[in-house]
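*Asks:* Questions regarding the structure given below will be posed in turn.
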Amino acid sequence: MTAPFTPAELHNAFALLSSPALIRLITEIDDNGPIPPRRLAGTLPDLSAHHLRRTTHVARVHGLVRVAPGVGLALTEAGSDLADFYDTVARWARRHAYPTRVSDFTTRLQHSLSLLAPVPLADGADDSPRPASENMPSAEAEAGLAHPRALLAQWLNANPQVTALLEPEPIA
């Protein structure tokens, strides 16, 4: 990936993009439309109230979701593009049974994103992919990551705000 980001900024972006709660929030809205007010906990019942508040705060600050009056929590253009990227990566992972033949959507994304994450050397010059596990994809599968890598670089360049480290959410 040849993005003009520091290793720390890329680390922040990959930590955000591979967050299970964010993956769930973005894909839920993408698959089923905006989440009506006060229905977030019912829509994602396995996430604690704290996780839901933190995830929606982070997603709003990074410009991935917005509260649409009368509609609820909806994706922004950046959030919709992220959902498309997630779908592309998940299709690659399913096609190549990565990380295993049977994996849930979030696990597939997290492991696949780790393959796309650059590993900076001490001088910050290396951008080779980071191994996600011992179950590395074949050379053919690795070649298939070229398209997701290009989409990721394009998305990060269009959305540099996701590389910023957020301060803790203010206590209301």
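Every number here is computed from the coordinates shown, using simple stated rules; none is lab data. Remember, it's a predicted structure, so these values are computed and weren't measured experimentally. So basically every Cβ, Gly included, is an ideal-geometry build from the backbone, and we count neighbours across all protein chains shown.
*Asks:* What translational diffusion coefficient, to the nearest whole µm²/s, does segment 7-161 have by Stokes-Einstein, given a Kirkwood radius computed over alpha-carbon pairs, a temperature of 25 °C and 0.890 mPa s viscosity?
*Replies:* Approximately 151 µm²/s, per Stokes-Einstein.
*Asks:* Within 10 Å of each candidate Cβ there may be at most 14 other Cβ atoms; applying that plus a DSSP loop requirement, which trypsin sites (Lys or Arg not before Pro) in segment 1-71 survive?
*Replies:* Passing sites in segment 1-71 are 38, 39.
*Asks:* Given a Förster radius of 22 Å and the C-beta distance between residue 158 and residue 61 as r, what FRET efficiency does 1/(1 + (r/R0)^6) yield to the nearest 0.05?
*Replies:* The pair residue 158/residue 61 has a calculated efficiency of 0.85.
*Asks:* Quote to one decimal, in nm, the extra length available between residue 11 and residue 105 on full extension: 0.36 nm per residue of separation minus the C-alpha distance between them.
*Replies:* 31.7 nm
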